Each structure stands twice: as structure tokens, then as C-alpha cells.
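As C-alpha cells, the structure follows; a few thoughts come after it.
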Amino acid sequence: MKIIHDPNQMTQIVNQHRKSSQSIGFVPTMGYLHLGHEALLKKAREESDIVILSVFVNPLQFNDTSDFESYPIDEKRDQDVARAHHVDYLFMPHANDLYKNKHAITMHVKERTGVLCDRSRPGHFDGVITILTKLFNIVKPDYAYFGKKDAQQIAIVDLLIETLNFDIKLKMVDTVRESDGLAFSSRNVNLEEIERTQASSIYASLKQAKQAILNGEKDPRRLVQTVEKTLQTIDTGQIDYVDLLSFPELEPIDRINGTIILAVAIQFEKARLIDNIVIDTES
């Protein structure tokens, strides 16, 4: 495995592999890798000739300076995980190289926003599409791998690829969970013991709602109420949102039909956790 810091060098390497018609799988992350990231790397290794992992804590994705400053970082561990999954190139750019003229051009998402995480984190997805546009242009992947836990991000990446005509296939990988159902997240390390125990109710609430859908429930309001009732048992955190929307359009619906997403966010003292389930009600 080679560790690359310079964006120009990364592009030169990619161009050489492209001349050999080797497929490139790309896993963009903010580091502090966990089993969810490892699932992405495993899938990329299975499907791609060359696997590139990027680790970059993108400042444009944070509207809270303290959240940015407290984001967990462990470069050595990330490197060890990358080697264990036979990553070919670990791309770890510096902010000064990626944002030399960060105010010269700005990017703004106009669709699939105003809901879910975008309500409480304004500008977050503008930062996501900005860094991904840069990374996609540098790495030029054939495949880009994202976890379903960040479903709104997937919906917006899908929109980005379509809108800017990137020749990239979006690969969605199932959420990886701990034994009690809590989705793996780099932020789980910031939970206190009692918060960690109560956080298992997040996925439990989603499973209850899914079962209700399978039993024939068609009213979005009743499903949201079912989830909220379970989440109210978490007295160490506050409900940020419980939303039920069409997917990937992320539009409100009056009746359960087609593919939908039921998504939750809970704010604990030092960590904000998200989770969701996507259900094709016609399959």
C-alpha cells in the first residue's frame, strides 16, 4: 500500500492505471475507520482492480467549530485498517492542497435538502458535494462506495453524479451494526456508558416501524408516532428528527407506497447519531 498526500501525484497514478484498463474502486471517508468502513473496503476489493481509500476530515461539512475540532482522528489505526483490507492507495490530502481558493467557487445543493440532517446542519451537504467533486476529479473512479447509514448523503451523491455527468457507478453497502443493532459510527466513541446503552433503542424503533409496514400500515403519521414513542425512552438524548419520505427523492408522502426511507437522528451530549431503514414496499 502506498500513502499519497499530493492530489496531483494521486491523479498521475490513477491515469497510469487507467491506461492499463484497470477498474478503480473509491471509498471516500473522514477516517477513524470502523467496521462500517471496512465493509465498504471489502466490497471495493471484491469488485475493483485498484482500491483507493481517502481519509480527509472535511471542514466544509461542519457548521459547528467544536464538532470539527472534536472529530476523532487516528491516522495510524486508519493505515493499519487500510493495509489489512489490501488497499492499493491511501489518499490523505492536506486541506491547504484541496482548498487553496476555497471561496473562488461555491457549490450548493438545491434538491433533496431541507429535510433530515440538512435541517439542523445547514450547509453540510454543500460541503459534501464540494469535497466529493474534488475527489472524484482527482481519483476518477469507476465505482464509489457509500454506506446506507448515511442515506441522505447517498441520495445527494446520486444527484451529484447525475447532474455533473460523472462516469461513476454509485455502490450502496448495507449498514453494519453492533450486536444490539446500533449502527457503527466514528462518533460512537463519544457516547457515555448510559448513552451507549440507550442508543440501542434507535434501531429497535426502526424495526418496530418496519414490522408495522409489513403488517399493512400505510399512514406515515402513525409510523412516525410509533418510532417517536420508542425513542422517548432515551432520556440521555434529544430527538432531532423522525422523518418518513420517498427515496431517493426525499419528498414528503401522504401514504406508504413505493420506496421509502424512515430516518432518525438523536443528539446526545457529545455525539449526534443517525440511522434509517429504506424499504421498497412493492417488492
How many residues does region 250-283 contain that are of a type outside the set (Asp, Glu), without any contact (Cβ under 8 Å) to a residue 24 or more places away in the chain and either not assigned by TED's automatic domain parsing to the domain that holds residue 223 or not in a strand (DSSP E or B) (or both)?
1
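Quick grid of which residues meet (1) in contact (Cβ under 8 Å) with a residue 60 or more places away in the chain; (2) closer than 14 Å to residue 180 by Cβ:
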| residue | (1), (2) |
| --- | --- |
| 198 | no, yes |
| 206 | yes, yes |
| 212 | no, no |
| 231 | no, no |
| 234 | no, yes |
Go through (1) on the phi > 0 side of the Ramachandran plot; (2) under 18 Å from the mean Cα position of the chain (by Cα) and name the single condition residue 68 misses.
(1)
So, first residue at negative phi and among the hydrophobic types (A, V, I, L, M, F, W, C) in region 117-131, second residue surrounded by fewer than 18 Cβ atoms within 10 Å (Cβ to Cβ) and outside any helix (DSSP H, G or I), Cβ within less than 7 Å, six or more apart or across chains; the pairs are 129/107
Condition check for residue 229: part of a loop (DSSP other than H, G, I, E, B) and at negative phi
no
Taking region 17-45 as the region of interest, how many residues are assigned to a helix (DSSP H, G or I) and either under 19 Å from residue 175 (Cβ atoms) or in contact with a strand residue (DSSP E or B) (Cβ under 6 Å, 6 or more places away or on another chain) (or both)?
12
Could you grab me the full set of residues in region 131-153 that are under 13 Å from residue 109 (Cβ atoms) and more than 15 Å from the chain's Cα centre (by Cα)?
133
Sort through 14, 57 and tell me the only one that's free of Cβ contacts under 8 Å to residues at least 40 places away in the same chain and either assigned to a loop (DSSP other than H, G, I, E, B) or not aromatic (Phe, Trp, Tyr) (or both).
57
Tally up the residues in region 214-229 that are without any contact (Cβ under 8 Å) to a residue 24 or more places away in the chain and either polar (S, T, N, Q) or within 18 Å of residue 149 (Cα to Cα) (or both), please.
3
If you check 179, 200, which single one turns out to be assigned by TED's automatic domain parsing to the domain that holds residue 266 and either of a type outside the set (A, V, I, L, M) or at pLDDT 95 or above (or both)?
200
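The values are calculated or read from the model by the stated rules, or taken from the named source; none is laboratory data. The structure displayed is predicted, hence computed values, not measured ones. Heads up, the Cβs are rebuilt from the backbone with ideal geometry, glycines too, and the neighbour counts pull from every protein chain shown.
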